[in-house]
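What follows is a short report on a single structure.
Where a number appears in this text, it was derived from the coordinates with a stated rule and is not lab data. Since this is a predicted model, take the numbers as computed values, not measurements. Cβ placement follows ideal geometry from the backbone for every residue including glycine, while neighbour counts extend to all protein chains displayed.
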Ligand SMILES: [Zn+2]
């Protein structure tokens, strides 16, 4: 069953992989290429401490929660032992997400003990795998036939996380122990679904994007073929759906006809990521158009201002357009998925607007999910909340959050043949393997608290290329200096300031992004935000917490709330708080949304009442949130 040739390909590619990027196989040369986690170091005051918490605290904290999965794998190696009672059918996905987090941690910082621990766990997993490659410990322990309850058993979802973890572990360590397990599993699935032409697809998407990731490190096109089969089989026989309607599984229409993102939010976002991945690797323009439609549907009509998605709790699903209640479901996994999807759309279309959404979700909806201590988390991240404590709900979200926090450096950069992209402003270095010459970027910044971003450009040898620096969609009045000289007029392309020149070592661009406190408003069709505004500064959405405001978290704002920013290094890990005055003249304090709910029970709100707010229905084309400029005089 093992596919021939992948190991040779993997070995050949390994030399160019470590610290570098994977070549894009699509036909469209405009696609951006990613950098790998190992090629980036993060050393700023915002993300570096958060990533350290993940490495130091979250990973050790995680192992006991995935022990039922490890124990299930262990027991499978000894015939006759009963299944692990506490194990759930998608539990292995959590173990794989922990292993993926470990892979990124090892890519960032050597850790011999952690490396050994990962190898021990991988050996237990490998020993349990069936000789034919099938691997789903929960089903195997219960002696169930592979793939006979496709819609509801999560085998494909679990495999998708295995493939993502395996690719990450290989890129981080150069070891093939988990990659071999993943390839045997994927080969078995290809044999079943493609070669033997058995019908169906897994009802929880995730395998598609995992297969494409596996293709990227092995070059084995069978994996793209299988991903494509799973994607194209949607909507062909929707009457097959059980318990839930077809849309729940993105199965109501063929993908090329889907106009709107629907159904279970995590499934839908993972599915769309697979569609975008497929478009990236095949150059299929219809697939690309489908990804674009679903992305626009999500970001322009169905997304919270924090980047969270999935407002309906009954089916953990996307609701109708503009239906975004403040107590919506907003699962952390869906926010993590949105970051991943935004990264794919950015690569696919090269438009900074996708990086705007990537930034929105990682600084807000995603980061809110993980507690500042890196141990407890939120399953849901609603915009209005009352007295809910963080906990260790290991249904699915915590290891999704930990892996995503460690991916932020990777998201910050990209490149094409002669362009280097800075998408997010993360202090540290990125090594970009531009074909002409490797380029090191050295980013120094106190973003998001300060708007100055210094980008040192260090090409290995002088070369002409374009440095493309994202100007955030929320930002007005950005300016730049090149080697100390003011740039009179920024050349803008697809939301990036483009600096094209012959770069030599020690060149530097300094970007100044004004960071006023803004009041944001939602599209008038968003009922839950009517007559309301949200406070935002830079990429950070703010909220009020009762603890800071005599129990109140929802206030009325007048014409001029007299906002004032104060950086508090010893508060909530170091945050800028926003002081303001209510319409009644009472002072209030707002803190970043991501930091809410870290001090025990309280009430929390994002949308504030705005006195005399006039709903302006003009100019909303393609926009769900924009700055509220007050009543016109
Ligand atoms: Zn989750």
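Assorted remarks:
- Given their separation in residues at 0.36 nm each and the Cα-Cα distance between them, residue 63 and residue 615 gain 193.7 nm when the chain is fully extended.
- Segment 419-477, relative contact order [Cα under 8 Å, separation at least 6], %: 36 percent
- Spin-label model, residue 197/residue 126: points 7 Å from Cα along the beta carbon direction are separated by 3.7 nm.
- Counting only alpha carbon atoms, the long axis of helix 221-232 and the longest principal axis of the chain meet at about 70°.
- Alpha-carbon centroids, segment 484-514 and segment 264-278: separation in whole Å: 35 Å
- A straight chain from residue 388 to residue 464 at 0.36 nm per residue would run longer than the Cα-Cα distance by 21.9 nm.
- Pairwise label distance in nanometres, residue 568 with residue 43, each label 7 Å out on the Cα-Cβ vector: 3.0 nm
- Tilt relative to the chain, helix 332-349 - C-alpha long axis, 0 to 90 degrees, to 10: 90 degrees
- Estimated FRET transfer efficiency (residue 285, residue 589; beta-carbon r; R0 56 Å; 0.05): 0.65
- Sequence of 295, 620 once ranked by neighbouring C-beta atoms within 10 Å, starting from the fewest: 620, 295
- Angle in degrees between helix 265-282 and the longest Cα principal axis of the chain, rounded to the nearest 10: 80 degrees
- Spacing of the modelled spin labels on residue 314 and residue 242, each 7 Å from Cα toward Cβ, amounts to 2.2 nm.
- Taking other C-beta atoms within 10 angstrom as a stand-in for reagent exposure, 368, 61 fall in the order 61, 368, fewest first.
- Sorting 86, 143 from the fewest to the most surrounding beta carbons within 10 angstrom yields 143, 86.
- Efficiency of FRET between residue 525 and residue 117 - r from beta-carbon atoms, R0 60 angstrom, step 0.05: 0.75
- Taking all Cα pairs closer than 8 Å and separated by 6 or more residues, the relative contact order of the chain comes to 13 percent.
- Sites residue 599 and residue 142, calculated FRET efficiency, Cβ-Cβ separation with R0 60 Å, nearest 0.05: 0.90
- Prolate/oblate/rounded label for segment 517-627 (Cα gyration tensor, a/c 1.5): prolate
- Over segment 174-317, relative contact order from alpha-carbon pairs under 8 Å, at least 6 apart, %: 20 percent
- Per residue of the chain, the DSSP helices (runs of n ≥ 4 H) give a summed -39500 (n - 2.57) that works out to -10000 deg cm²/dmol at 222 nm.
- Here, the chain is characterised by an Rg to Rh ratio of 0.96, where Rg is the alpha-carbon radius of gyration and Rh the Kirkwood radius.
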